[in-house]
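Since the structure comes first, as structure tokens, the remarks are kept for the end.
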Amino acid sequence: MKRTKRKQSRTRTATRRTDAQQRAFERTDLGAAITEAGGLRWVHRKTRPRSIALDDALVETLRAKGAKRGLGYQTMLKLIVREHLDEY
């Protein structure tokens, strides 16, 4: 009887690829990239709810811009305010 080679399953190939990607990520030093970004600050501050009237078009724009970054519109608004407050 002649043995035939089995085809590798896609799951195993995908796992190998993921493992290679994970190893490459783990070898990469992201410290400089995070420092250059400047907007990534993890600060625990006590916050209180605020009420502000925004027109619907502005909220939709904030939602669209935030979605590109994986953020909600309120978080996007806070980022914009923090980044540009010193300009005024």
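The values are calculated or read from the model by the stated rules, or taken from the named source; none is laboratory data. As the structure is a prediction and not an experimental result, all values here were calculated from the model. All Cβ positions, even for glycine, are placed from backbone atoms using ideal geometry, and neighbour counts span all protein chains on display.
How about region 17-57: which of its residues are of a type outside the set (D, E, K, R), more than 25 Å from LEU79 (Cα to Cα) and at pLDDT 70 or above?
Correct list: ALA20, GLN21, GLN22, ALA24, PHE25, THR28.
Considering only residues of region 69-88 that are assigned to a helix (DSSP H, G or I) and in contact with a helix residue (DSSP H, G or I) (Cβ under 9 Å, 6 or more places away or on another chain), which is surrounded by the fewest Cβ atoms within 10 Å (Cβ to Cβ)?
ARG69
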